[in-house]
Structures are given as C-alpha cells and as structure tokens.
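Read the structure below first, then the notes.
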Amino acid sequence: MTQRMMNTVAFHADAENGHGHGQFNHYINGNSSSSNGNGHGHGHVHVHIQEPNGHLNGNSHLNGNSAVTITNGTTNGNGVLKPVSRPSHDRRKSTPMMPTFMVSAPGKVIVFGEHAVVHGKAAIAAAISLRSYLLVTTLSKSRRTVTLRFPDIDLNHTWNIDSLPWDTFSHPSKKKYYYDLVTSLDPELVAAIQPFLANISTDKSPDLRKVHQNSAGSFLYMFLSLGSQSFPGCQYTLRSTIPIGAGLGSSATIAVCMSAALLLQLRTLSGPHPDQPADEARLQIERINRWAFVYEMFIHGNPSGVDNTVATQGKAVEFQRTDYNKPPTVRPLWDFPELPLLLVDTKTPKSTAFEVAKVAKLREKHPKLVGAILDSVHKVTKSSADMIEQLDFDTNSEESLKELGELMTINHGLLVSLGVSHPRLERVRELVDHEGIGWTKLTGAGGGGCSITLLRPGVSREKLDRLEQRLDEEGYEKFETTLGGDGVGVLWPAVLKNGMDEDHEGGMEIDLDKFLSAQGNEGVEKLVGVHGGVGEREGWKFWRVDS
C-alpha cells in the first residue's frame, strides 16, 4: 500500500441546536474518493480526504459560533464548505461500499517462564503460525444490521445498529476515541449493553451460552466505543485454526482481529505497506493492541495483556510483572527467529487457576526451596533471551538450536519439580525423545494442555510420520507450526493467489460462502491461510518492525 497525499478539513463548532456531538473522523482511501451528503453537529469534526485527487461534495452546516480551518478548500460566510474546483476528468466515481477484507492474528505459546511469571519473574511468549481469520463483509446501505458469525463455536447473532445504545456511549463523559488508552471498563457502559446480550444463544448450554455472551459483549463494547450510529451494516465472520481452551491465546487473536478490523473501517490505520517507517508501524501496532486489550478485559477481567501483545506484533516478548497493581513490563524481542515447532495438544482439560494455586501452596509450605526453583526458572528465561539476541545465533545450526533446546529441557524439569506436569505431557516427551526429533517442554499452566517441541534441523519425514501415527493412536492432536512469526496481518481486498486459474485474472476473491464452506483447519488454511502450506502468499501484508 503506497503512501497517499492527504487533504485535511478540520472543523470546530459550538452549536446551540446541533444534531450530534463528539468527534467524527472520515478517511477516504483506495477507490473511494468522495464523501457526499449533509452533516450537522457540534463538537469536533475532522474530515480527512486521503486520495491524490480526492474531493468533498455536499454541505457541512455548523450552527452557532464556528471556527473552520481548511486545507485545499473554501467556505462561504455561513460556515458552509464549498469543494475545491477540479477539472471533471480528475473525478472518480465513489465506491458505495468498502470492499470485503480479511484480518488475521497468530496464537501464542509460553516458551520460557511458566508459573515463575506469576511470582514476579520473567517469561517469554512467542507467536505461532496457527492463526485466526476474520472476514469483514460490508452490507448494502439499506441493511442496518451488524452480525457476528463464529461457526467454530456455533455463534451467529445479529443486532439492529440503530437500536444499540449509542447515546450512552457517545455522551461526552463516556466517549472514547481510537487514539485513547483505555485501562478499565466503564461499569455504566457494560450495563448498557447487557439487554443486547440477553437473547443470545438461549437454546445453548449454560457454559456455551456464557462463551457466546462474552464474545458478543466484548465486541459490542468495542464496536460502540469506536463506531457511530452512521456505521455501515457489516458481518464479521471468524474461522480459526487454533485449538480453543488450550492456553494458546485464541481469545486474544479474536480481540486483535476485531480491533484491527474496526480501526481499518474507521480509516485510522495507514498501513501496512513496505515503505512504512518503523515509528509509524509501532504506533499503529500499539493502537491495535490497546483496543484488543479492551476486548480482552471484557472476557477475562484483569488480563496480563501479553496474549494480545504477541498476537498484535508477532515475534516474541519478554514480560515481567512485579506489582499486580501495575501493568507488566513488556519488552519486544523483534529479532526473535522463526523456529520449527511441533505443538501437541494432549486433549486433557486443565485448570490454570488450579495449577497456579497448587504452586502457591507449595511455595507457602517450602518457601526457600520453591523460591530457589522459581529463581532458576527466571535465570533460564533471561539466558534464553540473551542467547537468541546474540548475532551468532543461527536457526540453521544444530549447535545453536541444541543450546536453546537444552534450556527448554531444563525449564521443563523445573516445572516438573513444581508438580505441574501430567502423564500425558510426559508421554509426549518420551515419544519425541525416542525418535530423537527435538527438545520438548510443557507450555502454559500444565496439568494437561499442550507441549511444544523445538525440532532438530533436518528431521526426516519418516520420523515425523511415525511420531504422528503414535500420537494419533493415543488420542493426541499434533500441529507442525512455526515459532516467532508475523503478528496481525491484512488482506485488502480479500483476494488471494492460490495457484489456480483465477491467478491469471488477479486471484481468487474470498467470499462468505467459500469461507464458511472451507472444511476444518486444513481447508481454512488452504483457502485463506497466510502460508497455506506453500509459503507466504501474495496479498497478505503485515506491520513489520525491525529492531
């Protein structure tokens, strides 16, 4: 996406009889080059025309005392904007609807520091190439509805946009803007959306219904905070290749996808594009991350913010929280390499709260001994971060990977001594060690959940197939993935080259029917995946920040 020229029209009005208030931001980019119609209001109104030959048609009336500043535009004496006169051949037809587009964000694993991080020590979390994919479809202007459709969890719900509590969310004392930092949820705003959650999934089990209501509530809170009643009708459809409830940050990927999608619809993101300055990319990543955290707060109450941070920026982060009354210290590891990873889901339910409480009780009983173990986990984490950031760390060198793998083995052994492993996790280690495939440790809280294996270079397909067969026979689910990949990505418009005949005509358009009919993880990945089994595909773009 190339950098575009920006013409700016900024209004400030103090109207006595205005029909609206607050701040409105209108960006026109891509194929849409004009904004037509009449607008009345008071407060702050910013209109940005982001198009080399952009123009603004119609009248914007500001009642009362108004101050108008204009770049490349004129007004009459009554504060009515008059468009810049341009030759007719410069004009382009406006696009009635935003094109269908897609946003994607990665899951995450804890690589080092589980449990120690709960006690003020450092940990490292890294992105994995299992991802969530959100398709955003704009409806015709006459359809005033917004729909959430998450087939993976059987959620499908629609609201009438005009019936939502816009007055409450747009009140001057409540209104938030895309650039704001929101660190807590407003109880009055949470209460305002409760009536709109009451009729969701009434035919589902109580547990599933709670999941659906949390997902819908977090979406509405962000949608109403960022949007306005003039927002177009939309459908948000999500498919994911990330196991749910396995400690891989699946909810955070949805949060990041939703945040990026809404900010793109508001035209508050100018990237990603190849020539984007690093500072600008960091600012936009932070903007996405801030609103993803709002989504996560609605679901989890007091999240660490680590999952959404990794899902947004990708690569890896080192994080530490010494004071639970303050946010964690998060240090991006922009140079974290992409590493081959085997992720195995034990399919054994686990309780993070139970495992955390178990370690806390053990520490209370043996403070010096358990304190020493947690200190050792911290040292392993810091050593691994130092090693990865060394210039001579070579992802193709077995020696480099062996050193990192040994630290993973030590970390796992320390966690075993805290009693948070599980026979199903130890069985994975046994099978992997038997084949000599790599270095394995649990990831997350333990007690079930998942294991990760750093693969040795040049592992034969025969060994991997043999391991996969054993894992299948014993009820495990295996994913060959990559550690330390890209964060949030955008496919705008939703057109991909899939190595098919459509490539000669610009690629395959990903419409709603194709997306919904994709079969399982493999079908989703083949249809829209960032890699799709054939390497990174043309179309996907990422906010990449070099260190």
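In this structure, Leu248 does satisfy being part of a loop (DSSP other than H, G, I, E, B) and in contact (Cβ under 8 Å) with a residue 40 or more places away in the chain. All told, Ala281 falls short of being under 30 Å from Thr168 (Cβ atoms), assigned to a helix (DSSP H, G or I) and not hydroxyl-bearing (Ser, Thr, Tyr). Taken together, the residues in region 152-195 that are surrounded by 15 or more Cβ atoms within 10 Å (Cβ to Cβ), in a loop (DSSP other than H, G, I, E, B), touching a Lys or Arg at 6+ places or on another chain (Cβ under 9 Å) and not charged (D, E, K, R) amount to 2.
Filtered by the rule that a residue be over 15 Å from Ala105 (Cα atoms), open to solvent by 20 Å² or more (accessible area, probe 1.4 Å) and not charged (D, E, K, R), region 274-299 gives Pro274, Gln276, Pro277, Ala278, Leu283, Phe298, Ile299.
The residue that is nearest to Phe542 (Cα to Cα), counting only those in region 303-326 that are assigned to a loop (DSSP other than H, G, I, E, B) and under 19 Å from the mean Cα position of the chain (by Cα), is Lys315.
On the given criteria, is Ser173 more than 19 Å from Asn289 (Cα to Cα), among the polar types (S, T, N, Q) and modelled with pLDDT under 90? Steps first, answer last, please.
Working: more than 19 Å from Asn289 (Cα to Cα): yes; among the polar types (S, T, N, Q): yes; modelled with pLDDT under 90: yes.
Against the criterion (more than 19 Å from Asn289 (Cα to Cα), among the polar types (S, T, N, Q) and modelled with pLDDT under 90), Ser173 qualifies.
Among the residues of region 214-230, none qualifies, meaning not one is within 30 Å of Thr482 (Cα to Cα), open to solvent by 20 Å² or more (accessible area, probe 1.4 Å) and not in a helix (DSSP H, G or I).
Looking only at region 529-539, count how many residues are touching a strand residue (DSSP E or B) at 6+ places or on another chain (Cβ under 7 Å), crowded, with 20+ Cβ neighbours inside 10 Å and either farther than 14 Å from Val495 by Cβ or modelled with pLDDT of 90 or more (or both).
The initial filter retains those residues of region 529-539 that are touching a strand residue (DSSP E or B) at 6+ places or on another chain (Cβ under 7 Å), namely 530-531, 537, 539.
With crowded, with 20+ Cβ neighbours inside 10 Å added as a condition, the list becomes 530, 539.
Those still in the list that are either farther than 14 Å from Val495 by Cβ or modelled with pLDDT of 90 or more (or both) too: 530.
Qualifying residue count, region 529-539: 1.
Say whether the condition of being over 23 Å from the mean Cα position of the chain (by Cα) and on the phi > 0 side of the Ramachandran plot is met by at least one residue in region 343-351. Checking region 343-351: at least one residue is over 23 Å from the mean Cα position of the chain (by Cα) and on the phi > 0 side of the Ramachandran plot.
Residues in region 335-347 that are under 12 Å from Ala126 (Cα atoms) and open to solvent by less than 40 Å² (accessible area, probe 1.4 Å): Phe336, Pro337, Leu339, Leu341.
Inspect all residues belonging to region 365-376 and state whether any of them is modelled with pLDDT under 95, more than 30 Å from Leu467 (Cα to Cα), assigned to a helix (DSSP H, G or I) and open to solvent by 10 Å² or more (accessible area, probe 1.4 Å). No - not one qualifying residue is present in region 365-376.
Mind listing whichever residues of region 231-245 are over 16 Å from Ala311 (Cα atoms) and part of a strand (DSSP E or B)? Within region 231-245, Cys234, Gln235, Tyr236, Thr237 qualify.
Please enumerate the residues belonging to region 395-440 that are out of contact with any strand residue (DSSP E or B) (no Cβ under 7 Å at 6 or more places or on another chain), outside any loop (DSSP other than H, G, I, E, B) and more than 17 Å from Phe112 (Cβ to Cβ). Within region 395-440, Glu398, Glu399, Pro423, Arg424, Glu426, Arg427, Glu430, Leu431, Asp433, His434, Glu435 qualify.
Number of residues in region 107-136 that are out of contact with any Gly (no Cβ under 6 Å at 6 or more places or on another chain), small (Gly, Ala, Ser) and open to solvent by 10 Å² or more (accessible area, probe 1.4 Å): the value is 1. Determine if region 441-451 includes at least one residue that is in contact with a Leu (Cβ under 7 Å, 6 or more places away or on another chain), assigned to a helix (DSSP H, G or I) and not charged (D, E, K, R). The answer is no; no qualifying residue exists. If the condition is being open to solvent by less than 70 Å² (accessible area, probe 1.4 Å) and either outside any helix (DSSP H, G or I) or touching a residue at least 40 places away in the same chain (Cβ under 8 Å) (or both), then region 383-393 contributes Ser384, Ala385, Ile388, Phe393. Could we say that Asp203 is closer than 29 Å to Gln519 by Cβ, out of contact with any Ser or Thr (no Cβ under 7 Å at 6 or more places or on another chain) and surrounded by 20 or more Cβ atoms within 10 Å (Cβ to Cβ) here? It is false that Asp203 is closer than 29 Å to Gln519 by Cβ, out of contact with any Ser or Thr (no Cβ under 7 Å at 6 or more places or on another chain) and surrounded by 20 or more Cβ atoms within 10 Å (Cβ to Cβ). Out of the residues in region 259-273 that are assigned to a helix (DSSP H, G or I) and among the small types (Gly, Ala, Ser), state the one that is surrounded by the fewest Cβ atoms within 10 Å (Cβ to Cβ). This residue is Ala261. Summed over region 415-424, residues that are over 31 Å from the mean Cα position of the chain (by Cα) and surrounded by 19 or more Cβ atoms within 10 Å (Cβ to Cβ) total 1.
Counting the residues of region 232-258 that are over 30 Å from Leu442 (Cβ atoms), open to solvent by less than 10 Å² (accessible area, probe 1.4 Å) and among the polar types (S, T, N, Q) gives 1.
Here is the figure for region 452-487: residues that are in contact with a Gly (Cβ under 8 Å, 6 or more places away or on another chain) and in a strand (DSSP E or B) total 4.
The values are calculated or read from the model by the stated rules, or taken from the named source; none is laboratory data. Here the structure is a predicted model, which means the values were calculated and not measured. For neighbour counting, all protein chains shown are included, and Cβ atoms are generated from backbone atoms with ideal geometry for every residue, glycine included. The accessibility values were calculated without ligands, DNA or RNA, using every heavy atom of the protein model including side chains. Shrake-Rupley method; radii C 1.70, N 1.55, O 1.52, S 1.80 Å.
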